[in-house]
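Novice: Sending over a structure as structure tokens; questions will come in a sec.
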Amino acid sequence: MLDLAITSRITILAMNTPTLDSSEAVHSLDLGISGMTCASCVGRVERALRKVPGVQEASVNLATESARIAFATSVGADAAAVEALLRRAVRNAGYEPRAAGQEDASEDLSPWAGFLPVGIGLLLSAPLVLPMVGDLFGQHWMLPAWVQFALATPVQFILGARFYKAGWHAAKALSGNMDLLVALGTSAGWGLSMWLWLTAPTDHPGHVPHLYFEASAVVVTLVLLGKWLEARAKRQTTAAIRALHALRPDVVHLLTQQGEVDVPVAEVLVGDQLVVRPGERFPVDGTVHEGHTQVDESMLTGEPLPVARDVGAALTGGSINGDGRIVMAVTAVGAETVLAQIIRLVEDAQAAKAPIQRLVDEVSAVFVPVVLGVALLTLLGWLWVGARAEAALIHAVAVMVIACPCALGLATPAAIMAGTGVAAKNGILIKDAQALELAHKVDVVAFDKTGTLTVGQPRLTAFEVVPGLDEAAVMAAVAAVQSGSEHPLARAVVAAAAERQIHVATAQDVRAVPGRGTEGEVDGQSTLVGSLRWMQELGVHLGPLADRAEALQREGATVSAVAQRTTQGLELRALMAFGDEPKPGAREALARLKARGIRTVMISGDNRGAAEAMARRLGLDPGAGEVMAEVLPGDKAAKVAALQQGGDGEHHERRRAAPRREGPPGGQRPSAAAERGGHIVAMVGDGVNDAPALAAADVGMAMGNGTDVAMHAAGITLMRGDPMLVAAALDISHRTVMKIRQNLFWAFAYNVAGIPLAALGYLNPVVAGAAMALSSVSVMANALLLKRWRM
């Protein structure tokens, strides 16, 4: 598969944790593994990997045929040596590690890829099944024994060689897997047929004894058919990732002094200028250097409408250039591009194990030994009640054949792969399986206001100075202090000064006071720009502008103040009022969440009047505790903690606590809410100051076009700033978990019902083999239904 485990890659995380010596470095290795067939194989590979010195964790995924290993080495040590040991451990366990740098681009992705062995098996087995069909119509056909032998033996030992090879490796490791069960069961049927044939009486030359060659051959063929259908379904579950890989063109038009030159995309460097013609995909990330166009980003963000891009605008690799020839300046290549990071996030989610998989791992560890024990008891039990040896053996064979450890191994990862894949196509990137599994339990969603529920582009609606002062001079000083800030309100002030053509000087000694404002020196005078709360803390009196400030707040404006240091201390110079607009669809998104029975809360640093006015426009009820106003950035995590504990967050100062978690962010502890008996809280934000709250929440959701810090702290990234994606993310989580539960139910049901029926003699090996093959196929087919999900 092109998208998963195409290469062994080591990523040095270069981090020291409290459990490690400071002289050790932690590494992460992704390794492709061929030859796994069931959950028992997964367990054996994991045990083999964990025995390698230095390995801290090993997680093997059957659906992706890959392993993720975390291991530690001394700083400066060669990590490649450990990689070699890990590969050797996989090979010694009976499986084949994928070579470093191996590409699967040559893999045949046609619907009939790999069908040849299955087709040969069907051709050879069909004549053996004809007598069984004839019995249904009263016809007693029977092929000569030597013909049955000639047809069944190639199927058993040539087409079925893979089962013997894998089963032998499992037996050597004192373990078991699906291959061992199939090899033992079909060999018993083939051997019994040989015994009956060779020991048949010779006094009736035309008599053909009842043989069981058809059982062994048909079972091998049906298992091969099931594995082929399973592999075909796996390719469909990874279609979303392959589609993302296909967004990267192989060749680019590099602009040089000699003109345009076509070069491989791997040779592109940051700073290069590339020509992109209409209809072509942008090969890497960059900005528009010349020209203007419309860009289709639907494959990356799910947004169907093209967006305009002019000089200086950002371009994302993989999106499609519309109607204009442009020259782009490259800003990121290779693994640093947005597309590469998206692919990595989805691969990480698909490679991870969901917490529910632990139960499956525990069952699969003892599954094959238990089945072999049941088969032995079946054999002895039928002999004890007086059945013939051949009948007793056939019933034992049916028990071994119907056991389905492969379905158990596929139930969870197949659903996760399908769910994360379809979510990625709709602009929802799920970083880990735990966030996916937990999101469906969310009963409270907290939103940051600015940039998440609002457009995040506030306008300066009022600038009122203390009577007697020069408005332009005060605004120039404010714009100078704010010119280096990325805060939306700061950008609004700078934009307003530019519109009024006010000359802005350069401020000195500028410093930001988190959650309060900014201070700097302009023309030798210290100027402070910030919230009314900060001014109150500093003892600045609003004086003649106090009534105006209250009126602006009642109107829903965000009000800030300007003060300057004088010989008499800090004195007010001006008030500024800012207005923002709700995002299109934000009110509908909140209504959709409420319709699902989910409580919605807006967290804002604005004054209460402005926050409540915006809340009412969004359909929120301030009186019902759905608004948290005047929250400092450092207090957002405490507000989330209060919501988790069942409070309204308004009295968090009395019970403030640091975020409960240590370790991976983004909602990594599904049991935390159950342990504290509170609510499952999702936090939605987009800024750096939202990162602690995103990490503290059970499920963190970072809005697209937000900051890298916020996206790193979140378990789910929404690729576009559409609040409607929040409900969509919760919905796909719910549907994926439902598919996991359905798959596990059917996987267990096949075994719980099938094994006793086979032991009691109600199922012959042919029917048992068909049921076993059907179990894996049904699990994969059920997971693939997720591909039909739409927002």
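Novice: If you take the residues of the range 552-566 that are touching a residue at least 40 places away in the same chain (Cβ under 8 Å) and farther than 19 Å from G605 by Cα, which of them is most open to solvent (accessible area, probe 1.4 Å)?
Specialist: The selected residue is R565.
Novice: Are any residues in the range 412-433 in contact with a Lys or Arg (Cβ under 9 Å, 6 or more places away or on another chain) and crowded, with 24+ Cβ neighbours inside 10 Å, and if so, which ones?
Specialist: T412, P413, A414, A415, I416, M417, A418, G419, G421, G427, A433 - these are the residues of the range 412-433 that are in contact with a Lys or Arg (Cβ under 9 Å, 6 or more places away or on another chain) and crowded, with 24+ Cβ neighbours inside 10 Å.
Novice: With the requirement that a residue be touching a residue at least 60 places away in the same chain (Cβ under 8 Å) and either more than 47 Å from the chain's Cα centre (by Cα) or not in a strand (DSSP E or B) (or both), what does the range 517-551 give you?
Specialist: Passing the criteria: L532, R533, G543, P544, L545, R548.
Novice: Filter the range 730-777 down to the residues that are open to solvent by less than 40 Å² (accessible area, probe 1.4 Å) and outside any helix (DSSP H, G or I), then identify the one that is nearest to I716 (Cα to Cα).
Specialist: Checked the range 730-777; the qualifying residue nearest to I716 (Cα to Cα) is L763.
Novice: Further question on the same structure: May I ask you to list the residues in the range 488-512 that are closer than 16 Å to Q564 by Cα, under 44 Å from the mean Cα position of the chain (by Cα), surrounded by 13 or more Cβ atoms within 10 Å (Cβ to Cβ) and of a type outside the set (G, A, S)?
Specialist: Correct list: V510 only.
Novice: Which one of the conditions (1) more than 33 Å from the chain's Cα centre (by Cα); (2) buried (at least 21 other Cβ atoms within 10 Å of the Cβ); (3) assigned to a strand (DSSP E or B) does A446 fail to meet, given that it meets all the rest?
Specialist: Every listed condition holds for A446 apart from (1).
Novice: Which numbered condition trips up C406, out of (1) outside any loop (DSSP other than H, G, I, E, B); (2) more than 27 Å from the chain's Cα centre (by Cα)?
Specialist: (2)
Novice: When you scan the range 554-664 for helices (runs of 4 or more DSSP H) that lie fully inside it, which ones turn up with 2 or more residues that are over 23 Å from H679 (Cα atoms), in contact with a strand residue (DSSP E or B) (Cβ under 7 Å, 6 or more places away or on another chain) and modelled with pLDDT under 90?
Specialist: Answer list for the range 554-664: 608-617.
Novice: Scanning the range 713-725 for residues that are in contact with a helix residue (DSSP H, G or I) (Cβ under 6 Å, 6 or more places away or on another chain) and part of a helix (DSSP H, G or I), which turns out modelled with the highest pLDDT?
Specialist: Ranking the candidates gives M724 first.
Novice: Give the range 488-535 a look and list any residue that's of a type outside the set (G, A, S) and touching a Pro at 6+ places or on another chain (Cβ under 9 Å), or say none.
Specialist: Listed by number, the residues that qualify are P488, L489, R491, P514.
Novice: Now, a different point. Would you confirm whether any residue within the range 390-411 is open to solvent by 10 Å² or more (accessible area, probe 1.4 Å), charged (D, E, K, R) and over 30 Å from A591 (Cα atoms)?
Specialist: Among the residues of the range 390-411, at least one is open to solvent by 10 Å² or more (accessible area, probe 1.4 Å), charged (D, E, K, R) and over 30 Å from A591 (Cα atoms), which makes the answer yes.
Novice: Residues to consider are A329, A340; find the one that is aliphatic (A, V, I, L, M), free of Cβ contacts under 8 Å to residues at least 40 places away in the same chain and open to solvent by 10 Å² or more (accessible area, probe 1.4 Å).
Specialist: Within the list A329, A340, the selection yields A340.
Novice: Residues to consider are L109, L116, L124; find the one that is under 20 Å from G226 (Cα atoms), open to solvent by 60 Å² or more (accessible area, probe 1.4 Å), hydrophobic (A, V, I, L, M, F, W, C) and modelled with pLDDT of 90 or more.
Specialist: Checking each option against the conditions leaves just L116.
Novice: Okay, moving on. Could you grab me the full set of residues in the range 742-776 that are under 25 Å from S125 (Cβ atoms) and β-branched (V, I, T)?
Specialist: Within the range 742-776, I755, V766, V767 qualify.
Novice: Condition test on G318, is it open to solvent by less than 60 Å² (accessible area, probe 1.4 Å), small (G, A, S) and modelled with pLDDT under 90?
Specialist: Against the criterion (open to solvent by less than 60 Å² (accessible area, probe 1.4 Å), small (G, A, S) and modelled with pLDDT under 90), G318 qualifies.
Novice: Restricted to the range 154-169, and to residues that are within 11 Å of V220 (Cα to Cα) and not aromatic (F, W, Y), which residue is surrounded by the fewest Cβ atoms within 10 Å (Cβ to Cβ)?
Specialist: A161
Novice: Select from the range 449-482 the residues that are assigned to a strand (DSSP E or B) and open to solvent by 50 Å² or more (accessible area, probe 1.4 Å) and write down the one among them that is farthest from A492 (Cα to Cα).
Specialist: E464
Novice: Step by step: first the residues of the range 581-621, then only those that are open to solvent by 10 Å² or more (accessible area, probe 1.4 Å) and within 23 Å of L528 (Cβ to Cβ), then the one that is farthest from the chain's Cα centre (by Cα). Which residue is that?
Specialist: Step by step, filter the range 581-621, then rank; the result is G609.
Novice: Within the range 273-293, count every residue that is more than 29 Å from the chain's Cα centre (by Cα) and either within 17 Å of G318 (Cα to Cα) or small (G, A, S) (or both).
Specialist: So the answer is 10.
Novice: Output the residues belonging to the range 170-183 that are surrounded by fewer than 21 Cβ atoms within 10 Å (Cβ to Cβ) and either among the hydrophobic types (A, V, I, L, M, F, W, C) or at pLDDT 85 or above (or both).
Specialist: Within the range 170-183, A171, A173, L174 qualify.
Novice: Can you tell me which residue within the range 49-73, out of those that are at pLDDT below 85 and aliphatic (A, V, I, L, M), is farthest from A39 (Cα to Cα)?
Specialist: Checking each candidate, the answer is A63.
Novice: Of the residues in the range 540-550, how many are small (G, A, S) and either open to solvent by less than 20 Å² (accessible area, probe 1.4 Å) or at pLDDT 90 or above (or both)?
Specialist: Number satisfying all stated conditions: 1.
The values are calculated or read from the model by the stated rules, or taken from the named source; none is laboratory data. Model, not experiment: these values are computed from the prediction. Counting neighbours? That spans all protein chains shown, and the Cβs are built from the backbone with ideal geometry, glycine included. Protein only, heavy atoms only, side chains kept; ligands, DNA and RNA dropped before computing areas. Shrake-Rupley method; radii C 1.70, N 1.55, O 1.52, S 1.80 Å.
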